1. What residue among 28, 193, 64 has the largest mean-square fluctuation in a Gaussian network model of the chain, using Cα springs under 10 Å?
2. Starting from the Cα-Cα distance between residue 74 and residue 25, subtract it from 0.36 nm times their residue separation and give me the gain in nm to one decimal.
3. If r is the Cβ-Cβ distance from residue 56 to residue 144 and R0 is 30 Å, what FRET efficiency results, to the nearest 0.05?
4. Please turn the phi angles of the range 28-43 into ³J(HN,Hα) values with the Karplus equation 6.51 cos²θ - 1.76 cosθ + 1.60 (θ = phi - 60°), one per residue in order, whole Hz, x for glycine and proline.
5. How high is the relative contact order of the chain, given as a whole-number percent (alpha carbon pairs under 8 Å, six or more residues apart)?
6. When N counts the residues of the range 191-238, how does its alpha-carbon radius of gyration compare numerically with 2.2 N^0.38 Å, as a ratio?
7. Sequence-distant or interchain residues sharing an amide H contact under 5 Å with residue 124, placed H: which?
8. Highest GNM mean-square fluctuation, the chain, Cα pairs closer than 10 Å: which of 220, 68, 93?
Amino acid sequence: MIARRRLIVGNWKMSGNHAQLTELDAIDATARAHPDVDIALCLPFTMIERAAARRSALSIGAQDCHAGLGGAHTGDISADMLRESGASWVIVGHSERRTAYGESDAMVRAKAEAAIEAGLNVLVCVGENASERRAGEAEQVVTAQLEQSFPWNKGARTPAVAYEPVWAIGTELAAATEQVAAMHRAIRKLLDDREVRLVYGGSVSPANAGDLLVLPEVDGLLVGRASLTASDFIPIVEAAARTRVP
Ligand code: PGA
């Protein structure tokens, strides 16, 4: 198995205000202490510019972008705008956007392509819901999602992929390590020999991060709630550094 650089991404969702930028200082110091781990915090749009200006080792990202370059898209933001504000990462296809805004696989792929064109690092999210897992269709659903939403023709700068089972997000019940390993193997098969980092997300915490990161199939983690405070997020980064494949 090829060893890839660890990747830990935080997703603040619609949380956070400027007062919370102080959390970033401690996280940034941890990022400086662990240069072998790539660390990105995906913040609300309003925080990106200030956050990007105040950190040195930590990367700042956004949680969505539009597929277009500009124009009549009220309320949207382009990948170029994100880049200009200091973001170097963007999440596309998070299940909360797929569900709440009906984002299709084709839209997610178009967003990923636009973000790559703009020079951003992209994290494409896929994951099955509870009924799909109960029906035994998890693998089929996830691989079909990835087939349709991964920007296959953007070879030079391959995005990272996050496997996030919808039933594990925000529930305090992460997927079992065997479930994560099995799904990551299925996704990896589809990705073939592409140099894509594959991270797990869904109720990651300081308590379970180490168990997930020792899986050879897992290159990193996408962290929601536990990325909101330095006291939760730092132990997760440290677990990634500790379990780094040489
Ligand atoms: P969670 O969120 O860690 O709070 O479950 C993960 C995500 O939605 O990216």
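Nothing in this text is a laboratory measurement; each read-out follows from the coordinates by a stated rule. Nothing here was measured: the structure is a model prediction, and the numbers come from that model. Here Cβ is always computed from backbone atoms with ideal geometry, including for glycine, and neighbour counts include all displayed protein chains.
1. Maximum fluctuation in the GNM of the chain, among the listed residues, is at 193.
2. Values: separation 49, 0.36 × 49 = 17.64 nm, distance 3.34 nm.
Residue separation times 0.36 nm, minus the Cα-Cα distance, leaves 14.3 nm.
3. 0.15
4. 5, 5, 5, 4, 5, 6, 10, x, 7, 10, 7, 10, 10, 10, 9, 10
5. Rounded, it is 22 percent for the chain.
6. 1.20
7. 92, 160, 161, 162
8. 68
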